[in-house]
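The values are calculated or read from the model by the stated rules, or taken from the named source; none is laboratory data. These numbers were taken from a predicted model, which means no experiment stands behind them. A quick note on method: Cβ atoms are made from the backbone with ideal geometry, for glycine too, and the neighbour counts reach across all protein chains shown. We work out accessible area using only protein heavy atoms, side chains counted, and drop any ligands, DNA or RNA first. Shrake-Rupley method; radii C 1.70, N 1.55, O 1.52, S 1.80 Å.
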Amino acid sequence: MTEMLKNLIGGEWKTGGNASKDVNPSNTNDVVNEYAQGTVADLNAAVAAAKAAFPAWSRTTGQERYEILKKAADEVLARREELGKLLSREEGKTLPEGIGEATRAGQILAFFAGECVRLGGEMIPSIRPGVGVEVTREAVGVVGLITPWNFPIAIPAWKIAPALAYGNCVVIKPADLTPACAWALVDILNRAGLPKGVLNLVMGRGSTVGQALLEHKDVSAISFTGSVATGRKVAAACVASTPMKKVQLEMGGKNPLVVLDDADLATAVDCAVNGAYFSTGQRCTASSRLIVQAGIHDRFVAATIDKLKALVVDDALKQGTHIGPVVDKSQLDTDLEYIKIAQSEGAKLAWGGELLNRQTPGFYLQPALFTETTNAMRISREEVFGPVANVIRVKDYDEALAVANDTEFGLSAGICTSSLKHATHFKRNSEAGMVMVNLPTAGVDYHVPFGGRKGSSYGPREQGTYAREFYTTVKTAYSFAK
Ligand code: NAD
């Protein structure tokens with residue numbers, strides 16, 4: 001018997017409509033949890049509870065909010081191993097990756113605990129005599145958070161923590177594939193002392209509870225992370241609702257890693273393998289396009305294949321596993337479909353791409369590397385979101401930069417080079433929100449802005465103090481005293 005996870009509405013744990021199963025992708029016989037699918041009525045009750053809690057919560061002192069977030073941060077960090085194990089079992093990241101993500105969630109909560117007491121304003125001299133101008137930030141209201149399955153504890157943390165720190169009330173709808181991590185985080189925050197209704201959790205389908213959250217008139221802002229297709233719907237619904245909602249979207253990527261002839265080969269291969277394949281390639285910042293200069297191309301491909309051959313693809317919880325399973329059957333089918341598409345377009349499958357059998361039934365895929373690809377192929381243009389990457393050969397730095405920027409996405413971009421000139425030029429001229437030099441395109445700090453450009457992101461950045469921009473609204477107050 002697994003535990004049935006319930007929704008948190010107005011401070012009470014409630015069963016919703018149908019029960020759903022949360023299945024371990026490393027072993028589909030293992031049901032991690034059953035969880036209560038929320039209904040639209042549950043969602044409406046959650047928004048009503050958040051709205052009722054907002055006047056008092058938004059007027060709490062920074063110290064009161066600090067105490068709660070700090071207590072939750074301490075519990076997440078103390079339980080990082082257990083939470084990391086839950087994450088790996090639910091999502092399929094390896095155990096070290098799962099523990100790393102749980103740790104990051106704790107660090108994010110601790111950072112935003114500090115933010116509760118750091119938020120200040122500005123006093124600006126007026127252009128009129130005797131008049132003072134104050135610019136302050138206030139909470140936005142009830143904030144709806146919609147999260148994807150691939151960072152099931154860190155993304156809920158990096159949305160919930162700033163929302164609460166700046167005095168908002170929250171309704172979160174986590175991905176239906178991975179609700180247990182979000183549930184655990186909400187449970188910790190709830191027990192840390194949040195007043196009833198300040199944080200509400202409604203699990204369930206995007207098309208029902210997610211859509212209802214977007215359309216609810218009492219929700220003032222939506223922060224969404226997920227695919228571009230869903231992101232477009234989210235933005236359209238936020239603009240169509242009355243009143244219009246503030247909206248922030250973090251979406252997909254087709255992130256380039258440029259490898260120049262003067263790169264340190266070992267560093268370049270490490271960056272490529274880590275960036276493209278770790279976390280089973282299921283990262284929005286994954287380096288799915290490896291753009292390699294002709295002089296190092298063959299050595300880079302050979303060394304990358306050698307490294308891939310040594311990677312262990314197996315149960316996420318097994319010691320020694322480097323790459324866990326794909327998250328579910330549907331994502332696995334997508335990965336296999338793209339492998340076929342690339343081959344049909346003339347790309348050469350240089351390594352991997354086949355299904356693997358392991359001790360337990362799971363979605364195991366050998367990481368795939370394509371060579372002889374062009375940037376015009378679908379494998380170079382569309383996000384696969386799996387352990388699949390392709391090498392594009394270029395003649396020089398200028399062509400590498402042009403190919404790197406020739407994409408509708410713009411989340412992260414990397415370059416491996418020992419040339420300060422090229423590294424500096426790339427940092428300035430890459431059309432991505434995050435640029436890495438001699439580092440993988442994936443793997444970021446929690447205290448600095450995160451986000452992209454072009455089709456990858458819409459609205460203000462997440463994380464660090466930049467999160468203020470979305471989770472607060474600015475007030476300009478003028479006063480005159482004779
Ligand atoms: P998805 O778009 O399928 O789902 C994301 C969330 O939206 C889920 O909670 C889902 O239930 C919900 N949803 C679906 N339809 C909805 C609707 N009509 N109304 C409201 N909500 C709805 O994405 P996914 O498959 O969970 O995640 C993978 C995607 O997320 C990839 O494209 C990846 O690049 C992206 N991602 C981006 C970032 C980033 O920060 N840029 C981080 C992680 C993942």
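What the table shows:
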item	result
Region 81-150 - Kirkwood radius from inverse mean 1/r over Cα pairs (Å)	16.0 Å
Set of region 330-354 residues, backbone N closer than 19 Å to the point 7 Å along the Cα-Cβ line of Arg381	335, 337-348
Estimated distance in nm for a label pair at Arg453 and Ile127, the labels positioned 7 Å out from Cα along Cα-to-Cβ	3.2 nm
P(r), alpha carbons of region 256-437 - 5 Å bins starting at zero, rounded %	1, 9, 19, 22, 21, 15, 8, 4, 1, 0, 0
Positive-end extreme of charge dipole, the chain - chosen from Gly167, Gly16, Leu420 (charges on Cβ)	Gly167
Accessible area expressed per residue, region 256-437, with surrounding protein chains retained (probe 1.4 Å, Å²)	39 Å²
Net length gained if the chain between Ala240 and Glu138 were fully extended (0.36 nm per residue, minus Cα distance)	34.3 nm
Cut-off 12 Å, label 7 Å out along Cα→Cβ of Ala302, residues of region 362-395 by amide N	none
20 Å cut-off, amide nitrogen to a point 7 angstrom out along Glu431 Cα→Cβ, residues in region 276-297	285-292
Among beta bridges that DSSP assigns inside region 256-437, antiparallel share in %, nearest 5	15 percent
Share, in percent, of DSSP beta bridges within region 347-461 that are antiparallel, nearest 5	35 percent
Percent carbon-and-sulfur accessible area, the chain, ignoring ligands, DNA and RNA, probe 1.4 Å	54 percent
Hydrodynamic radius (Kirkwood) for the chain, which is based on Cα pairs only, to one decimal in Å	23.2 Å
Charge sum, other residues only, whose C-beta stays under 10 Å from Glu12's C-beta, Lys/Arg counted +1 and Asp/Glu -1	+3
Euclidean distance of C-alpha centroids, region 1-42 and region 44-61, integer Å	25 Å
Among 292-303, 164-175, the order from most to least packed when residues are scored by Cβ within 10 Å on average	164-175, 292-303
Only Lys, Arg (+1) and Asp, Glu (-1) charged, at Cβ; the chain dipole about Cα centre in debye	1360 debye
Trypsin sites (Lys or Arg not before Pro) within region 303-402, DSSP loop, no more than 12 other Cβ atoms inside 10 Å	Lys395
Violating pairs (Cα-Cα greater than 32 angstrom) within the set Lys6/Lys246; Lys395/Lys454; Lys71/Lys254; Lys85/Lys246; Lys233/Lys329; Lys6/Lys159	Lys71/Lys254; Lys85/Lys246
Per residue, in Å², the accessible surface of region 4-251 once ligands and nucleic acids are set aside, probe 1.4 Å	37 Å²
For Tyr166, net neighbour charge (Lys/Arg +1, Asp/Glu -1) across residues whose Cβ lies under 10 Å away	+1
Fraction of beta bridges assigned by DSSP in the chain that are antiparallel (%, nearest 5)	40 percent
Estimated FRET transfer efficiency when R0 is 51 angstrom, pair Thr28-Lys475 (beta carbons, to 0.05)	0.45
Three semi-axes of the equivalent ellipsoid, region 4-251, Cα gyration tensor, whole Å, largest first	31, 21, 16
Cα convex hull of region 438-482 - mean projected area over all directions, nm²	5.5 nm²
